[in-house]
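The values are calculated or read from the model by the stated rules, or taken from the named source; none is laboratory data. Only a predicted model underlies this, so the values are computations on that prediction, with no experimental measurement involved. Cβ placement follows ideal geometry from the backbone for every residue including glycine, while neighbour counts extend to all protein chains displayed. All accessible areas refer to the heavy atoms of the entire protein, side chains included, with ligands and DNA or RNA removed. Shrake-Rupley method; radii C 1.70, N 1.55, O 1.52, S 1.80 Å.
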Amino acid sequence: MNALVALCHFCELHGPRTLFCTEALHPPSPTPSQAGAPIPGDRESDRDGEGLTMRANSSATQRGDMCEGCRSLPASHPGFVSVDSETGIRFLSHQQPRQPQLFSVVRQACVRSLSCEVCPGREGPIFFGDEQHGFVFSHTFFIKDSLARGFQRWYSIVMVAMDRIYLINSWPFLLRHLRLTIQSLQSTALKVFDSEQCVCPQRAVRMNSVFSPAVFPHQRSGNAARSLPSLTQHTNLWASLHSSFSWLLKACGSRLTEKLLEGAPTEDTLVLIERQTEQEEEMSCWEGAEGGGSRPQCHQSESELYRDFLFNEGKAEGYPGPKFRSLRHLRQVLGTTDFRQLAWHVLMGNQVILRGADPGLIHSAFTMLKALLPVGCVRSVTYSAQYEEAYRCNFLGLSPDVPIPTHVSSSEFSVLVDVVSVERGSLYSAACGEDILSLYQFNISSTNSQPTDKGPTLLNKIEVALSNENLSVDVVSHCLLCLKEEWMNKVKVLFKFSKVDGRGREDTQKVLALLGATGPGEEDNVRLLKFWMTGLSKTYKSHLMTAVRGGERPLSQ
């Protein structure tokens, strides 16, 4: 991560000061002409940078503007260096930044964090900055000191970066881990403070002494500024802070990654991201209730999310026996008529029930059928020992002994597929899918008497693609994605026109004609569009409602 972390202190004598700074040095990419040559910025440059810092510290000491409380490492100290073996990034820590151009940036962040940029109560996190001087995440806090004014000293930990979005997105992560470091410092200093107060209570000493502002610092045994190691009695404090800050830079840089999106995200991607976010929030709530630690967040790409949606809910690989390999394979096994009937029920949003003794086969069938619908329209229970109502799932797998309720078997909004085992050598065999047909027979039953020659326009196009043997399975899959995206765009238009704008029936009919949803199969097209509206993401719906409240509605009318 291109950022640095610094510990700052408000000295009673000299004002805001930078105590300790950790920065990350990325290894340069060698060009072909530099092959075999030493990489610039190695040890020699490190020595130069350290010498520059030492000279700055030395000159500052000569000017007499540093005290014990303003200094962390002596000028002769080489600083701390850690190397990440995986990436080659080096983490350097010293009192001031290694690069002189960063000195003014860190200095300004230090002054602002301990003067004007503070949160209510003066303790806690705050964000500030600009494009020129960088953006800062600052957390101010107090450390107990029996010899300080008010018995406490003011510190802050700042992270400076040029990427505003990255820093804001890292706010929860930074806040959680910086608070651990701050609480450790405060608890250690509190123990030292209590022990000193037991030996010599400073409050009583100050009340009984004559107060003089001119000699106030000297009235405290001449020690107006104490170093942080003396306040915490931690001899290896700076080495410990170097480890903490180095880990923070490494972890903060690896937890979020940038990905190039080719165009706007699809509705399926938005729904999958929303589901992943809800699962992470639910897990964090459970972990918080149980007192467990935080888990690292895993952010997946669009293709990974969609692949996990299709296969993770029903992992058929762990079950023995034959599986459906593709949607075309499923169509060949069921036959053209039965497949069309089953696909019609899927597209209309009816409950599809598969009942059989082979969970792996049922899982693979659902994996193929789910590809016909938008992600937001899929609610599946892949294998259950009891019936689940249609409002809970539109894909339901049952064991063979589970009875179907009467109100379901007599309903036209459901279809039942019984997967019956047959003996080997039966008459059911075919060139394709021979393994499945030699083991199982598929009996489809439904009270819906929908003619097989009718149906939505989308179903007709899907069947054309599946029946074209010149198209490979991958090409058919991409064709199906394009068809779904085309119809999801029609769903968005209809949702905006009918639900958001509240247009009448006549105007809606004109929009349907414009979308190509009228004519043969119009009833099924309208029913499909209404069902697919339920698959729109919450992000899209909230965006539309916000736009309407913002004044777009009069324009659309």
**OP:** Quick one: which residues, 5 or more positions from LEU19 or on another chain, have an amide H under 5 Å from its amide H? H modelled 1.01 Å from N in the peptide plane, none for Pro or chain starts.
**Re:** LEU7, CYS8, HIS9
Subject >> Per DSSP, loop GluC sites (Glu not before Pro) in the stretch 93-139 with at most 10 further Cβ within 10 Å >> reply: GLU131
Original post:
Pulled fully out, how much extra length does the chain show between ASN470 and ARG164, if you take 0.36 nm times their separation in residues and subtract their Cα-Cα distance?
Top reply: 105.1 nm
Original post:
What is the log10 of I(q)/I(0) for the stretch 473-550, computed with the Debye formula using one identical point scatterer on each Cα and no solvent, at q = 0.24 Å⁻¹?
Top reply: -1.18
Original post:
Taking Rh as the Kirkwood radius computed over C-alpha pairs, what is the Stokes-Einstein D of the stretch 151-190 at 37 °C in a medium of viscosity 0.692 mPa s, expressed in µm² per second?
Top reply: 280
Subject >> For the stretch 75-81, Karplus couplings with θ = phi - 60° (6.51, -1.76, 1.60), whole Hz, Gly/Pro x >> reply: 4, 7, 6, x, x, 10, 9
Original post:
Over all pairs of distinct alpha carbons, what does the Kirkwood formula give as the hydrodynamic radius of the stretch 131-205, in Å?
Top reply: 14.4
Subject >> Label-point gap, in nm, between ASP435 and ALA75 - each point 7 angstrom along Cα→Cβ >> reply: 7.9
**OP:** May I ask you to order 365-376, 468-479 by the average number of other C-beta atoms within 10 Å around their residues, highest value first?
**Re:** 365-376, 468-479
Original post:
Roughly how many nanometres apart are two label points built 7 Å out from the Cα toward the Cβ at HIS14 and SER187?
Top reply: 3.2
Subject >> Karplus-derived HN-Hα couplings along the stretch 10-15 (A = 6.51, B = -1.76, C = 1.60, θ = phi - 60°), whole Hz, x at Gly and Pro >> reply: 9, 7, 5, 9, 10, x
Subject >> Relative contact order of the stretch 473-550, pairs being alpha-carbon contacts under 8 Å that are 6 or more residues apart, as % >> reply: 36
Original post:
Once you put a point 7 Å from the Cα of ILE444 and another 7 Å from the Cα of HIS478, both along the Cβ direction, what distance in nm separates them?
Top reply: 2.9
**OP:** Return one whole number: the accessible area per residue of the stretch 473-550 in Å², for a 1.4 Å probe.
**Re:** 55
Original post:
Non-local amide H neighbours of SER384 (under 5 Å, H modeled in plane, Pro and chain starts lacking H): which ones?
Top reply: GLY397, LEU398, SER399
Original post:
Long-range amide H contacts for GLY349: which residues qualify at under 5 Å (H placed 1.01 Å from N, peptide plane, sequence gap of 5 or more or a different chain)?
Top reply: none
Original post:
Based on the Cβ-Cβ distance of SER115 and ASP84, what FRET efficiency does E = 1/(1 + (r/R0)^6) give at R0 = 35 Å, to the nearest 0.05?
Top reply: 0.50
Original post:
Any idea what the alpha-carbon Rg over 2.2 N^0.38 Å comes to for the stretch 321-400?
Top reply: 1.02
Subject >> log10 of Debye I(q)/I(0), alpha-carbon scatterers only, for the stretch 93-156 at 0.22 Å⁻¹ >> reply: -0.95
Subject >> Neighbour-limited loop hits for trypsin sites (Lys or Arg not before Pro), the stretch 434-537 (at most 15 other Cβ within 10 Å; DSSP other than H, G, I, E, B) >> reply: LYS454
Original post:
For the stretch 182-199, in order, what is each residue's ³J(HN,Hα) by Karplus, 6.51 cos²θ - 1.76 cosθ + 1.60 with θ = phi - 60°, in whole Hz (x at glycine and Pro)?
Top reply: 5, 5, 5, 5, 5, 5, 5, 5, 5, 5, 5, 4, 5, 5, 5, 5, 5, 6
